[in-house]
Amino acid sequence: MKKTLLLLALSIGMFSVNAQTKEELHAQKAEKQAIADAAQGEANALQAQIDALPGWRKGAFGTIGGNLSNFSNWYSQGTPNNSSGTIGFTLNAYANLIEDDFFWRNSLNTNLNWVKLDDKDNATDDDSFNPTTDVFNISSLYGRNVTKTLAISGLAEYRTTILDNFNDPGYLDLGVGATWTPIQNLIVVIHPLNYNFVFADGDSVFESSLGAKIVADYTRQIGAINFKTNLSTFQSYKSGDLSNITWTNSFSYTLWKMIGVGFDFGLRSNKQEALNYSIETLGNTTETFDSVDNKLQSYYTVGLSYKF
């Protein structure tokens, strides 16, 4: 009986020591966390002061996605012997010079994707990676400040595909007007005098024209999150059939070191591209701007992201 009581007392004592030790560890952790939070707050405040200083601001982030597969004698599918794969990536980069009386903002956005399906039982099929998503956009905006939030500006923006049909079509916007920066990281460009140069080979429906250019861009990093949204629209003074609008969005979340997950999607409406596709690809030679079905264009990419 005495031995039993002694063992019980020892067990209770050991439990009390462990409980106290666990409570002490939690208290120490809370104390260290409070110190770390205070230090992070000071670091964020210092970073905000650095960001407000004149000079260059540079950055880049992107998304990488892909998969490869191989099947041998997998009879339940239509192509039992095949190798397939997809590879794709996006890149968003910027280099902005911000001074007290002027700014120069440069940005690059590209989204490229390749797909392969090799039927090993068909010796004549295409076994190479073929481009499917092909987006390339580069812009340069210069402005002289009139007020703290308003500037007289000039914009050059070029959009095309680079893997297939480079510069066919290609769009170059050159214009002047005003740039409004109501809050940090948000840029609104309004250029009522803008010429939209359209480059294309052969006899095509593409036509250059004078019009108005409006661009809204918001790029920001919050901790491990990077995101960018860009709306670019051209309204032709000659005809609404020559107008176009493109909206692209990029998001990445860093999980470990520089690696995380990313998501990109884009929308576009361009009647000239819709008519050219109907005539050149579908063979509808009698198609016109009035009859063409200008469907909304879209794409998205999901995959691993890497913060440069």
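The values are calculated or read from the model by the stated rules, or taken from the named source; none is laboratory data. Worth saying up front: this structure is predicted, and the values here are computed from it rather than measured. We place every Cβ from the backbone using ideal geometry, glycine too, and count neighbours over all the protein chains shown.
Taken over the stretch 278-299, the criterion of being closer than 27 Å to F89 by Cα, surrounded by 12 or more Cβ atoms within 10 Å (Cβ to Cβ) and out of contact with any Lys or Arg (no Cβ under 6 Å at 6 or more places or on another chain) is satisfied by Y299 alone. A residue that is of a type in the set (S, T, Y), assigned to a strand (DSSP E or B) and either in contact with a strand residue (DSSP E or B) (Cβ under 6 Å, 6 or more places away or on another chain) or modelled with pLDDT under 95 (or both) occurs somewhere in the stretch 159-169. On inspection, W247 qualifies as closer than 20 Å to G62 by Cα, free of Cβ contacts under 8 Å to residues at least 24 places away in the same chain, touching a Gly at 6+ places or on another chain (Cβ under 8 Å) and surrounded by fewer than 19 Cβ atoms within 10 Å (Cβ to Cβ). What is the one condition in (1) within 22 Å of the chain's Cα centre (by Cα); (2) loosely packed, with under 15 Cβ neighbours inside 10 Å; (3) modelled with pLDDT of 85 or more that D100 does not satisfy? For D100, the failing item is (1). Only residues that are at pLDDT 90 or above and either hydrophobic (A, V, I, L, M, F, W, C) or on the phi > 0 side of the Ramachandran plot (or both) were counted across the stretch 252-278, and they come to 3. The single condition among (1) surrounded by 14 or more Cβ atoms within 10 Å (Cβ to Cβ); (2) outside any strand (DSSP E or B) that T133 does not satisfy is (2). Just to verify a result, which residue in the stretch 136-164, among those that are over 22 Å from the mean Cα position of the chain (by Cα) and without any contact (Cβ under 8 Å) to a residue 40 or more places away in the chain, is surrounded by the most Cβ atoms within 10 Å (Cβ to Cβ)? Of everything passing the filter in the stretch 136-164, S153 is surrounded by the most Cβ atoms within 10 Å (Cβ to Cβ). Could you give me the residue pairs with C-beta distances under 8 Å whose first residue belongs to the stretch 62-75 and is over 18 Å from F265 (Cβ atoms) and at pLDDT 75 or above, whose second residue is hydroxyl-bearing (S, T, Y) and assigned to a loop (DSSP other than H, G, I, E, B) wherever it lies, and which are 6+ apart or on separate chains? Pairs found: F71/T79.
Being at pLDDT 80 or above, surrounded by 10 or more Cβ atoms within 10 Å (Cβ to Cβ), out of contact with any Leu (no Cβ under 7 Å at 6 or more places or on another chain) and of a type outside the set (S, T, N, Q): is that true of A48 here? For A48, the condition - at pLDDT 80 or above, surrounded by 10 or more Cβ atoms within 10 Å (Cβ to Cβ), out of contact with any Leu (no Cβ under 7 Å at 6 or more places or on another chain) and of a type outside the set (S, T, N, Q) - is not met. With respect to (1) farther than 17 Å from F234 by Cβ; (2) surrounded by fewer than 18 Cβ atoms within 10 Å (Cβ to Cβ); (3) modelled with pLDDT of 95 or more, the lone exception for Q184 is condition (3).
Condition test on F199, is it assigned by TED's automatic domain parsing to the domain that holds Y300, more than 21 Å from the chain's Cα centre (by Cα) and in contact (Cβ under 8 Å) with a residue 60 or more places away in the chain? Against the criterion (assigned by TED's automatic domain parsing to the domain that holds Y300, more than 21 Å from the chain's Cα centre (by Cα) and in contact (Cβ under 8 Å) with a residue 60 or more places away in the chain), F199 does not qualify. Screening the stretch 201-229 for residues that are over 20 Å from W247 (Cα atoms) and surrounded by 17 or more Cβ atoms within 10 Å (Cβ to Cβ) and picking the one that is modelled with the highest pLDDT gives S209.
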